[in-house]
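S.K.: Before anything else, here's the structure in question.
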Amino acid sequence: MQRLVPVVVMFVLVAGGCQRIKTKLGIGETITNPEPGSPEKVIQDVLRAAKVVDEEEGWQQFSALLHSDETELPSSLNAWREFKYRAIRKKADYLLLDKVAFTFKVMDRRDDGKSLRIFVANSASDTPTPCILRQDPAQGNAWRVWSSCF
């Protein structure tokens, strides 16, 4: 019976098993070349913007990834600029597996109907770090950063 358990677990994982099982086992999905327009591509673009040496240039790239709801109010945009974006810049190295290819590992995904939380492995923490995305009707339903990210 003990020899059967690993076989069953491997079958579930190979057959595209439940994300919850993978999460419980600490098995993530390594993302290197995500599909354009995918939530994973937005995450990669966030990390890419965070690693731009010139902070202002990086901010310009990052701010284009924000959901329209996040850019409507100057106070919200300012909070992203002054606090949230700077925090992302500090954490980016801990989230990247490969700093040249901008590879990262997704440990979990949670869809609440409106938003998608993607949890990325963080080498500085035992707990994966989430980024919340939402489709933006004002931008052709493209996935965009909403509320918080890393």
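Every number here is computed from the coordinates shown, using simple stated rules; none is lab data. Not measured: the values here are computed from a predicted model. Note that we place each Cβ from the backbone using ideal geometry, even for glycine, and neighbour counts take in every protein chain shown.
S.K.: Identify, please: which residue in segment 72-95 is among the small types (Gly, Ala, Ser) and in contact (Cβ under 8 Å) with a residue 40 or more places away in the chain and is, among those, surrounded by the most Cβ atoms within 10 Å (Cβ to Cβ)?
M.R.: Residues of segment 72-95 that are among the small types (Gly, Ala, Ser), as a first pass: 75-76, 79, 87, 92.
From the residues that got through so far, the ones that are in contact (Cβ under 8 Å) with a residue 40 or more places away in the chain too are 87, 92.
Working: Ala87: 13, Ala92: 21.
Across segment 72-95, the extreme among qualifying residues is Ala92.
S.K.: For segment 77-102, what are the residues that are more than 12 Å from Cys149 (Cα to Cα), out of contact with any strand residue (DSSP E or B) (no Cβ under 9 Å at 6 or more places or on another chain) and outside any loop (DSSP other than H, G, I, E, B)?
M.R.: Residues satisfying the conditions are Asn78, Ala79, Arg81, Glu82, Lys90, Asp93.
S.K.: Another question about this same structure. Restricting to segment 130-148, name every residue that is without any contact (Cβ under 8 Å) to a residue 12 or more places away in the chain and within 11 Å of Leu116 (Cβ to Cβ).
M.R.: Gln135
S.K.: Under 9 Å by Cβ, and 6 or more places apart or on different chains, what pairs join a residue from segment 27-48 that is under 18 Å from Ala142 (Cβ atoms) and without any contact (Cβ under 8 Å) to a residue 12 or more places away in the chain with one that is in a helix (DSSP H, G or I) and not polar (S, T, N, Q)?
M.R.: Pro34/Glu40; Pro34/Lys41; Pro34/Val42; Pro34/Ile43; Glu35/Lys41
S.K.: Among what's in segment 103-142 and is assigned to a loop (DSSP other than H, G, I, E, B) and within 12 Å of the chain's Cα centre (by Cα), pick the residue that is surrounded by the most Cβ atoms within 10 Å (Cβ to Cβ). Quick ask: steps written out before the conclusion?
M.R.: The initial filter retains those residues of segment 103-142 that are assigned to a loop (DSSP other than H, G, I, E, B), namely 112-114, 121-128, 140-141.
Restricting the remaining residues to those that are within 12 Å of the chain's Cα centre (by Cα) gives 121-122, 128.
Details: Ala121: 21, Asn122: 18, Pro128: 19.
Looking at the filtered set, the residue picked out is Ala121.
S.K.: For segment 50-70, enumerate the residues that are of a type outside the set (Gly, Ala, Ser) and either over 13 Å from Arg144 (Cβ atoms) or surrounded by fewer than 16 Cβ atoms within 10 Å (Cβ to Cβ) (or both).
M.R.: Within segment 50-70, the first condition is being of a type outside the set (Gly, Ala, Ser), and the residues that meet it are 51-57, 59-62, 65-67, 69-70.
Matches in segment 50-70: Lys51, Val52, Val53, Asp54, Glu55, Glu56, Glu57, Trp59, Gln60, Gln61, Asp69.
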